[in-house]
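Q: Before we start, here is the structure in question, set down as structure tokens.
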């Protein structure tokens with residue numbers, strides 16, 4: 001084993017991947033969730049369609065329209081979410097909290113580098129534009145955080161830890 | 001050979017028959033307690049016991065809700081043309097002792113479901129009764145559809161009592177003629193987060209599941225329990241090729257893949273040896289597994305096998321071992 005070079009990063013199993021839109025095939029109704037004004041065309045079957053908008057403000061997400069649609073959602077519904085990663089995954093987490101399953105959710109991410117970092121020290125959320133490994137100042141405690149590969153689907157965020165946490169002083 | 005040699009019964013418990021109730025449609029309910037009257041192992045809704053019935057062993061669903069039970073209750077449909085197990089159960093008298101497994105579970109409720117739709121066909125009412133009781137006990141939301149042949153409405157009174165006390169919707173459907181319409185109405189307009197549980201004869205379950213799929217229910221929301229045979233057929237012989245060593249292991253008819261691998265001196269982690277616990281799962285490289293377990297998901301079945309019960313549809317199965 002070579003201890004001098006850093007190991008190649010292996011994506012956490014929950015890390016976002018490219019998803020397909022196959023979930024929509026068996027839909028009886030569809031809720032199209034457009035994130036941050038994304039206008040990407042979404043091809044849906046000829047079933048009743050509800051359209052909702054979701055928007056990120058920094059690391060916060062305004063999910064009110066989606067929540068209202070989820071109140072009325074019935075079995076047979078499928079979801080299509082399009083937009084930047086941080087907002088898309090926040091919408092998916094909300095749908096899953098309401099009882100939705102991954103197999104009912106189709107996702108198309110237009111910007112992979114739009115992420116949220118969850119601070120392991122103060123639990124504050126900070127938005128970051130960059131790949132995993134990026135360093136960002138925590139908007140809660142001010143620590144410089146490394147954006148880990150470890151992704152939480154429930155939090156829709158990457159784990160961030162203090163940059164020099166493992167350095168002797 | 002008697003059923004007492006089955007591993008599941010060897011590690012099981014002796015139970016005393018304390019009461020017997022004859023119900024409509026040739027169904028008999030049997031109450032069982034520990035001989036010393038002590039508390040029995042608890043179980044989750046939808047669990048079953050494997051009971052030694054003379055030379056055979058049959059699985060019977062527990063109809064209780066499972067929390068700190070002092071008594072197990074099962075209901076058995078008498079099948080004079082069956083393999084003899086149910087008639088053995090119908091001959092039991094109060095005071096007789098039977099050998100049973102501990103409760104086993106392969107039909108659990110989904111803990112975070114918003115609504116549990118419980119669908120029973122005929123004698124399939126037994127695990128559904130357990131689910132209904134547990135849902136009432138834990139304050140879960142449930143709705144029940146019970147389809148039965150005219151005059152064979154065993155446990156309908158129990159379901160009515162539960163539904164009334166807990167505020168559950170209950171649809172009683174006598175005969176097959178109304179089933180499709182009743183089911184369509186029952187499946188319609190259910191909130192996101194609902195799960196469906198069905199137990200009954202094979203054709204009934206296939207009908208219910210197909211109708212649910214057509215109504216847009218994804219597989220992950222559909223849960224079913226077939227009346228499991230505890231004695232699987234012997235199967236056809238095949239060869240297991242172990243990819244890492246290149247070794248070939250012959251698996252004769254009547255010998256499980258797990259037993260054949262153990263015969264070569266390998267220690268495969270295992271527990272239930274009945275296709276339920278998932279302990280012995282092995283990765284498959286090639287060959288089509290003949291899955292007979294009740295543990296693996298459809299996704300997992302593409303690349304895994306449970307060697308305690310499953311075999312191979314091809315002449316050779318290549319394992320990543």
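Q: Going through region B:208-220 one residue at a time, which ones are crowded, with 18+ Cβ neighbours inside 10 Å and more than 7 Å from chain A (Cβ to nearest Cβ)?
A: If the condition is that a residue be crowded, with 18+ Cβ neighbours inside 10 Å and more than 7 Å from chain A (Cβ to nearest Cβ), then B:208, B:209, B:212 are the ones that fit.
Q: May I pose another question? Being away from every other protein chain (no Cβ under 14 Å), over 20 Å from the mean Cα position of the chain (by Cα) and within 30 Å of residue B:281 (Cβ to Cβ) narrows it down to one of B:257, B:156, B:179, so name that one. Show your work before the answer.
A: Working: B:156 fails: within 30 Å of residue B:281 (Cβ to Cβ); B:179 fails: within 30 Å of residue B:281 (Cβ to Cβ).
Of B:257, B:156, B:179, the one residue that is away from every other protein chain (no Cβ under 14 Å), over 20 Å from the mean Cα position of the chain (by Cα) and within 30 Å of residue B:281 (Cβ to Cβ) is B:257.
Q: Mind listing whichever residues of region A:58-83 are more than 14 Å from chain B (Cβ to nearest Cβ), in a strand (DSSP E or B) and over 23 Å from residue A:140 (Cα atoms)?
A: Of all residues in region A:58-83, those more than 14 Å from chain B (Cβ to nearest Cβ) come to A:58-65, A:80-83.
Imposing the further condition that a residue be in a strand (DSSP E or B) reduces the set to A:60-62, A:80-83.
Answer for region A:58-83, where residues must be more than 14 Å from chain B (Cβ to nearest Cβ), in a strand (DSSP E or B) and over 23 Å from residue A:140 (Cα atoms): A:80, A:81, A:82, A:83.
Matching residues to (1) surrounded by 18 or more Cβ atoms within 10 Å (Cβ to Cβ); (2) away from chain A (no Cβ under 14 Å); (3) touching a strand residue (DSSP E or B) at 6+ places or on another chain (Cβ under 7 Å):
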{"residue": "B:126", "(1), (2), (3)": "yes, yes, yes"}
{"residue": "B:130", "(1), (2), (3)": "yes, yes, yes"}
{"residue": "B:133", "(1), (2), (3)": "yes, yes, no"}
{"residue": "B:143", "(1), (2), (3)": "yes, no, yes"}
{"residue": "B:162", "(1), (2), (3)": "yes, yes, no"}
{"residue": "B:174", "(1), (2), (3)": "no, yes, yes"}
{"residue": "B:194", "(1), (2), (3)": "yes, no, yes"}
{"residue": "B:206", "(1), (2), (3)": "no, yes, no"}
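Q: So if I check each of B:81, B:75, B:105, B:152, which one is crowded, with 20+ Cβ neighbours inside 10 Å and over 19 Å from residue B:208 (Cα atoms)?
A: After applying the criteria, what remains is B:75.
Q: Another question, if that's okay. Considering (1) crowded, with 19+ Cβ neighbours inside 10 Å; (2) in contact with a helix residue (DSSP H, G or I) (Cβ under 6 Å, 6 or more places away or on another chain), say which one residue A:53 fails and leave the rest.
A: The failed condition is (1).
Q: Could you tell me which numbered condition residue A:132 fails, if it satisfies all but one of (1) farther than 17 Å from residue A:24 by Cβ; (2) surrounded by fewer than 15 Cβ atoms within 10 Å (Cβ to Cβ)?
A: Condition (2) is where residue A:132 drops out.
Q: Yes or no: residue B:147 within 14 Å of chain A (Cβ to nearest Cβ), under 19 Å from residue B:210 (Cβ atoms) and in contact (Cβ under 8 Å) with a residue 24 or more places away in the chain?
A: No; evaluated as a whole, the condition is false for this residue.
Q: Take the residues in region B:288-299 that are farther than 16 Å from residue B:106 by Cα and modelled with pLDDT of 90 or more; name whichever of them is farthest from the chain's Cα centre (by Cα). Spell out the reasoning first.
A: From region B:288-299, those farther than 16 Å from residue B:106 by Cα are B:288-290, B:299; that's our starting set.
Those still in the list that are modelled with pLDDT of 90 or more too: B:288-290.
Details: B:288: 25, B:289: 21, B:290: 19 Å.
Top of the filtered list is B:288.
The values are calculated or read from the model by the stated rules, or taken from the named source; none is laboratory data. All figures in this text were calculated on a predicted structure; none of them were measured in a lab. With ideal geometry, Cβ positions are generated from the backbone for all residues, glycine too; neighbour counts draw on all protein chains shown.
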